[in-house]
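One structure is given below, encoded as structure tokens.
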Amino acid sequence: MPHILSANQFTKDDIDKILSSAHTMETSLKNGAVKKLLDGKIIACIFYEPSTRTRLSFETAAIRLGANVISAEDALGNSSAYKGETIEDTARTISSYADAIVIRHPIEHTVEAAAKATDTPIINAGDGANQHPSQGLLDLYTIQKEHGRLDHLSIAFVGDVLHSRTLRSLIPLLALHQGNTFHFISPESLAISQEYRQELIDKKISFTESHNIEDGLPSADAVYMMRVQKERFKTQEEYDRIKDAFILKPEHLALIKKEAIIMHPLPRVNEIDIAIDTDSRASYFRQAQNGLYIRMALLLYVFNLA
């Protein structure tokens, strides 16, 4: 049974299978006809970093499919990690209790280390600024539903592109489809790293960079807003200097195409004015709901049931 650690691990066939499964799950839920395909399974959700949507949607997905859930919401303070236990030992131990493990951790590549310690399937629910594959897939599903295609799209990522694991998870999935272009719009201090910039160049992925929020909006099929991530800054002063740099306001709507969508991985702080919530292009709460269907599909995928 496969681990799910990175968006980079998927082929286009894998993605098609998962998106199709998510659509089946969505239809089944709306019809009240979800099969309990995971009856008798136990899913462990171990979160070393705060989460609302990811943790609760994974737990809901498991329950909807008939599985039971065991969880640790604040594992850094409320598990043996507080006593100094390694992630490898934690993974080995939980593997004896659960059939699959969902892990979020603030340090990059820690979930990968856990996966190397066990054959029980592990799903990466976000590891620092590295990867968040289920977010990338739910974003992809959202774009497919809203636009009816996954190719020849212009995606504007606005805000903290330096620390965004959602960006790093969505781009590899969209890059498997033809003709997509990405625009990174951020404060200078939060631009993509030179390392990631070179990776995109090496992979021949089309992108532009700008430090003006209005750049890239008129051509965008999706405007993907991202908060400035307070937890990635060393000091409050450093965060306060930059946190209000890029805010999408009602006056920006005139720059955005009528058929475009406005996305956000949530939680939102202040980077999207709440007045925009009533605009039909605001898709971020629909996006969050799609997370349930994708995470149901991913649980089935790791058990080879998708």
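The values are calculated or read from the model by the stated rules, or taken from the named source; none is laboratory data. Source: prediction; values computed, not measured. Positions of Cβ are backbone-derived with ideal geometry, glycine not excepted, and every protein chain shown enters the neighbour counts.
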- Message: Looking at the stretch 250-258, can you tell me whether even one residue there is touching a residue at least 40 places away in the same chain (Cβ under 8 Å), assigned to a helix (DSSP H, G or I) and over 22 Å from the mean Cα position of the chain (by Cα)?
- Response: yes
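If you check residue 187 against the conditions, is it under 19 Å from the mean Cα position of the chain (by Cα) and crowded, with 16+ Cβ neighbours inside 10 Å?
Numbers: under 19 Å from the mean Cα position of the chain (by Cα): no; crowded, with 16+ Cβ neighbours inside 10 Å: yes.
No, not satisfied.
Filter the stretch 92-109 for residues that are under 20 Å from the mean Cα position of the chain (by Cα) and either touching a residue at least 40 places away in the same chain (Cβ under 8 Å) or not assigned by TED's automatic domain parsing to the domain that holds residue 50 (or both) and give the result.
Across the stretch 92-109, the qualifying residues are 100, 101, 102, 103, 104, 105, 106.
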- Filter the stretch 65-97 for residues that are hydrophobic (A, V, I, L, M, F, W, C), over 28 Å from residue 39 (Cα atoms) and either at pLDDT 95 or above or outside any helix (DSSP H, G or I) (or both) and give the result. none
- Among residues belonging to the stretch 279-306 that are in a loop (DSSP other than H, G, I, E, B) and among the charged types (D, E, K, R), point out the one that is nearest to residue 146 (Cα to Cα). 281
- Message: Quick check on the stretch 45-61. Is at least one of its residues touching a residue at least 40 places away in the same chain (Cβ under 8 Å), within 23 Å of the chain's Cα centre (by Cα) and more than 21 Å from residue 106 (Cα to Cα)?
- Response: yes
- Query: Name the pairs: first residue in the stretch 281-295 and closer than 14 Å to residue 19 by Cβ, second residue modelled with pLDDT of 95 or more and among the aromatic types (Phe, Trp, Tyr), Cβ to Cβ under 8 Å, at least 6 apart or on different chains?
  - Reply: 290/141; 293/141; 294/141; 295/58
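From the list 269, 228, 223, which residue is in contact with an Asp or Glu (Cβ under 6 Å, 6 or more places away or on another chain) and not in a helix (DSSP H, G or I)?
228
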- Item | Residues satisfying the stated conditions in the stretch 27-54, i.e. part of a helix (DSSP H, G or I) and buried (at least 20 other Cβ atoms within 10 Å of the Cβ) | 54
- Query: If residue 124 passes every condition in (1) part of a strand (DSSP E or B); (2) polar (S, T, N, Q); (3) surrounded by fewer than 24 Cβ atoms within 10 Å (Cβ to Cβ) but one, which one does it miss?
  - Reply: (3)
- Query: Just a yes or no: is a residue in the stretch 160-172 assigned to a strand (DSSP E or B), touching a strand residue (DSSP E or B) at 6+ places or on another chain (Cβ under 8 Å), at pLDDT 95 or above and outside the structural domain of residue 15 (by TED's automatic domain parsing)?
  - Reply: no
- Yes/no for residue 170 being in contact with a helix residue (DSSP H, G or I) (Cβ under 9 Å, 6 or more places away or on another chain), surrounded by 23 or more Cβ atoms within 10 Å (Cβ to Cβ) and touching a residue at least 60 places away in the same chain (Cβ under 8 Å): yes
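Given the structure, is residue 182 surrounded by 15 or more Cβ atoms within 10 Å (Cβ to Cβ), closer than 21 Å to residue 9 by Cβ and in contact (Cβ under 8 Å) with a residue 12 or more places away in the chain?
Details: surrounded by 15 or more Cβ atoms within 10 Å (Cβ to Cβ): yes; closer than 21 Å to residue 9 by Cβ: yes; in contact (Cβ under 8 Å) with a residue 12 or more places away in the chain: yes.
Judged against the criteria, residue 182 is a match.
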